[in-house]
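The structure appears below as C-alpha cells.
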Amino acid sequence: FTLTRAAPSYALRDARIDVAWRVARVQLTASGSARGGTGATRGTAIGLSGTATWQLRPSLQLIALGGRQLADPLRGVPQADYAALVARWQRRRVASLPSSRSQSLTEMRVVRDAEATLEPRVGGAELVVRIGAAADAVVEIASSASEWTPVRAVREGEQFVARIVLASGTHRVALRVNGGSWRAPRGLVRVDDEFGGAAGIVVVP
C-alpha cells in the first residue's frame with residue numbers, strides 16, 4: 001500500500017466472507033478477505049484462510065489451519081502466508097466448537113483457570129476475556145475480527161474484562177499485559193503467529 005499524496009494516515013476498506021461446514025467429527029471453515037485503499041491510499045490485497053478440526057477422541061482434537069494474512073500498513077504488518085498443525089488434549093472434554101450455542105458457555109467453563117468464555121448472541125457470540133493482573137496494569141486485547149486493533153480491557157472487581165462481539169466464523173484473539181508479548185487466552189486453542197507471538201482460535205457456529 002502506498003500514499004499518492006501527503007495524508008495523516010492510510011485509509012483502508014475491508015470486505016470479508018466466512019463459510020462453515022460440519023459433519024460428524026469434522027468441522028471445516030473458510031474465510032476470504034479483500035482489502036483496498038481509499039482516498040490517498042492506493043493498493044489492494046486478497047487473503048484466503050481455512051481451518052479443519054477433527055475430534056479424534058473426546059479429549060483430543062487435531063486442528064490444521066493456513067492461509068494468507070493481509071498486509072496492514074497501519075500496524076506495519078506485511079502480507080504473509082501461514083500454516084499450522086495443532087493437537088489439543090484435555091483431561092476433560094471441552095467443546096471449543098460447540099454444536100449448540102446454548103451449551104457453549106457451560107462447556108468452555110470446565111477448563112481450569114480459563115480466561116475466555118463464549119456467550120451466545122443472535123447472529124454470533126460474545127467472547128468474554130477475564131484476566132487477573134495488578135490494578136495498575138495495562139491489559140490489551142486484539143482480534144482478527146477488529147483487524148488487530150488493540151483494545152484496553154476494563155477493570156471489574158479483581159479482574160480486567162474485555163468483551164468482543166464475534167460473527168459466525170473463525171477468529172483469532174490475543175492478549176498482552178503491560179506491553180509484553182501477545183499470547184492466547186487460556187481456554188482457547190493456541191497457535192503461534194509469524195511475528196513471535198501467539199493467539200487463540202475461536203470458532204463461532
Added length on full extension, which subtracts the Cα-Cα distance from 0.36 nm per residue, Val154 to Val138: 4.8 nm
Might you report the magnitude of the Cβ-based charge dipole of the range 149-205 about its Cα centre, with Lys and Arg at +1 and Asp and Glu at -1, to the nearest 20 debye? 120
Per residue, how much accessible area does the range 1-68 show when a 1.4 Å probe rolls over the protein heavy atoms, in square angstrom? 60
Rounded to the nearest percent, how much of the accessible area of the range 117-175 (1.4 Å probe, protein heavy atoms only) is carbon and sulfur? 53
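The values are calculated or read from the model by the stated rules, or taken from the named source; none is laboratory data. For clarity, every value in this text was computed on a predicted model and none was experimentally measured. Methodologically, a virtual Cβ is constructed for each residue, glycine included, from the backbone with ideal geometry; neighbour enumeration extends over all protein chains shown. All accessible areas refer to the heavy atoms of the entire protein, side chains included, with ligands and DNA or RNA removed. Shrake-Rupley method; radii C 1.70, N 1.55, O 1.52, S 1.80 Å.
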